[in-house]
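Just so it is clear, none of the values below were taken in a lab; they were calculated from the coordinates. Remember, predicted model here, so these are calculated numbers, not experimental data. Ideal geometry is used to build each Cβ from the backbone, glycine not excepted, and the neighbour counts take in all protein chains shown.
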Amino acid sequence: MISFINENTKMPKLDRKAVKAWIAAVAAGYEGRKVGNLNYIFCNDDRILEVNRQFLGHDYYTDIITFDYSEPGVVSGDMYISLDTVLTNSSKFHTSYDKELMRVIIHGVLHLCGINDKGPGERAVMEANEERALDIWYKKQF
């Protein structure tokens, strides 16, 4: 089950049915994973900073924080997404807000599928997987 929740911000406009189908299609592309409980919590920068400090001991803003509760073959987790940072990054990276939001939404799922982005060479692998997933989204191949 995929849930969309908002905290301290307005809920972004999403075609929830299409987003859910897309997420399931992307997860299935990684060793046939199924979608378990996924909670997308859309928030502002203040909230994501609070979560980052409380649970990760980090004192900075970020676009997404993913808490992984996955089991073998099933992706599950909570994903906090700062819509403030998504907006800032869309401007910084010269892309639309909607595309940046979709990139961040799938970024969390890719983490739950085992793709990392902190070690040497991992960021390039993550970005390639994000682009592949966005291609699926924009071509509606799900």
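Treat every Asp and Glu Cβ in segment 1-85 as -1 and every Lys and Arg Cβ as +1, leave all other atoms uncharged, and give the resulting dipole magnitude about the Cα centre to the nearest 20 debye. Intermediate results must be reported in sequence, preceding the final value.
Working: 9 positive and 12 negative charges, 101 e Å.
The dipole magnitude comes to about 480 debye.
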How many angstrom lie between the C-alpha centres of segment 94-142 and segment 1-74? 13
Can you list residues whose amide H is under 5 Å from ILE2's amide H, if they're 5+ apart or on another chain and H is modeled 1.01 Å from N? LEU38
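Do any chymotrypsin sites (Phe, Trp or Tyr not before Pro) in segment 53-90 lie in a loop, going by DSSP, with at most 12 other beta-carbon atoms within 10 Å of their beta carbon, and if so which? If you can, show how the numbers build up before the last one.
On the way: sites: PHE55, TYR60, TYR61, PHE67, TYR69, TYR80; in loops: TYR60, TYR61, TYR69.
The qualifying sites are TYR60.
Using DSSP H assignments, which helices in the chain have an axial alpha-carbon span of 20 Å or above and a mean Kyte-Doolittle hydropathy of -1.0 or higher?
Working: long enough: 97-112 (23 Å, 0.45); 122-138 (24 Å, -0.73).
Flagged H segments are 97-112, 122-138.
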Taking the simple approach of a point 7 Å from Cα along Cα-to-Cβ for both LYS99 and ALA28, what is their distance in nm? 2.7
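If the convex hull of the alpha-carbon atoms of the chain is projected onto planes in all directions, what is the mean projected area in square nanometres?
On the way: hull surface 33.1 nm².
The orientation-averaged projected area of the Cα hull of the chain comes to 8.3 nm².
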